1. Quick one: R133 ticks every box in (1) of a type outside the set (A, V, I, L, M, F, W, C); (2) closer than 30 Å to H282 by Cα; (3) part of a loop (DSSP other than H, G, I, E, B) bar one, so which box is it?
2. Could you say which residue among A274, A247, A237 is over 18 Å from D73 (Cβ atoms) and among the small types (G, A, S)?
3. Step by step: first the residues of the stretch 246-287, then only those that are small (G, A, S) and within 15 Å of the chain's Cα centre (by Cα), then the one that is surrounded by the fewest Cβ atoms within 10 Å (Cβ to Cβ). Which residue is that?
4. Among all residue pairs at least 6 apart or on different chains, which show Cβ distances below 8 Å where the first residue, located in the stretch 274-286, is within 16 Å of W242 (Cα to Cα) and the second is assigned to a loop (DSSP other than H, G, I, E, B)?
5. If you take the residues of the stretch 266-309 that are of a type in the set (K, R) and under 20 Å from A49 (Cβ atoms), which of them is modelled with the highest pLDDT?
6. Just name the residue that is surrounded by the fewest Cβ atoms within 10 Å (Cβ to Cβ) out of those in the stretch 111-154 that are more than 20 Å from the chain's Cα centre (by Cα) and basic (K, R).
Amino acid sequence: MGAKAPAVQTLAGHSYNRRALALFDRALVRVLPAVPRPVVRRLAGRYIAGTELADACAVVRGLNERGKKATLDVLGEEVQRHEEAVAIRAEYERAMAAIDEEGLDANVSVKLTALGLKVDPALCGESVRALVRLAAGQGRFVRIDMEDSSTTTATLDLYRELRAEGHDNVGVVVQAMLRRTPEDVADLLPLQPNVRVCKGIYVEPSEVAYQGYETVRFNFVETMAALWDGGAKVAVATHDEWLVAEALRMIDERGLGFDRYEFQMLLGVREDLADELVREGHTLRVYVPYGKQWYEYSLRRLQENPKIAGYVAADTLRRLRP
């Protein structure tokens with residue numbers, strides 16, 4: 001009996017701290033648009049490779065030298081015009097050519113709304129197919145990112161179409177916060193898929209997504225288990241040390257080889273944890289966004305999920321700590 005009381009107090013303290021941090025996060029987001037653009041650029045500098053392809057290639061080269069792989073993301077989702085979607089596809093083609101020419105250890109991640117999903121779904125599908133074919137010719141891989149829940153069905157449908165057409169060098173993403181994820185995973189398993197599992201960053205209504213922190217964590221673990229037990233390869237995308245430890249435990253219990261998993265993290269976030277995984281011999285891939293839409297990307301990410309603001313602030317303070 002005596003051992004349980006401190007645990008209750010600890011949970012209560014954690015709950016209070018999370019509420020306080022949530023208020024702080026929202027306060028940061030409210031003032032961000034008033035912060036001068038150069039200041040935001042300095043803050044975002046660790047988390048975005050730069051505005052040009054050359055910037056991104058330099059970052060990837062540095063990551064490769066430190067034993068890390070990369071996936072390039074061209075900023076610019078939620079495009080509004082046909083020509084914008086065409087331009088994003090062209091930039092991906094440039095990026096893939098540069099990756100190949102420079103011999104970089106990197107793939108690409110694409111967002112369907114950047115390639116015109118909400119403007120012209122047919123154009124979007126055509127562009128993704130073209131990029132997947134181009135990647136196959138280079139012996140590389142394309143990850144279709146997952147966006148908010150309004151795009152989940154369309155994203156999974158396109159992934160299934162690509163696999164049915166014989167494209168094996170393409171993967172998808174599921175979000176642990178979404179209530180539909182267990183059913184989506186069950187539907188994907190016959191394909192022996194390559195799936196990135198993440199918590200999810202979008203603010204979703206309670207009927208669509210779990211709202212509790214521990215519930216999302218639990219669903220993350222259950223999702224990994226279902227995928228691995230069903231024969232899938234899992235990209236464990238998290239900066240949460242507890243989830244990393246759980247993933248390592250499950251990998252060890254199942255005796256999984258490197259062909260069945262990798263870890264993924266965002267550029268500039270928890271580099272200490274990433275370095276530790278690399279030292280232990282695990283595959284670590286870093287998500288590297290770049291492009292002229294860096295400011296819009298930064299504001300949108302923070303407005304969609306204020307917790308990111310606090311996370312970036314905490315990560316920055318961690319670096320400043322003696």
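The values are calculated or read from the model by the stated rules, or taken from the named source; none is laboratory data. None of these values were measured; they are calculated from a predicted model. Backbone-built Cβ (ideal geometry, glycine too); neighbour counts: all protein chains shown.
1. Every listed condition holds for R133 apart from (3).
2. A247
3. Out of the qualifying residues, it is G268.
4. Sorted first by the residue in the stretch 274-286, then by its partner, the pairs are A274/K68.
5. Among them, the one singled out is R285.
6. Once the filter is applied, the top-ranked residue is R133.
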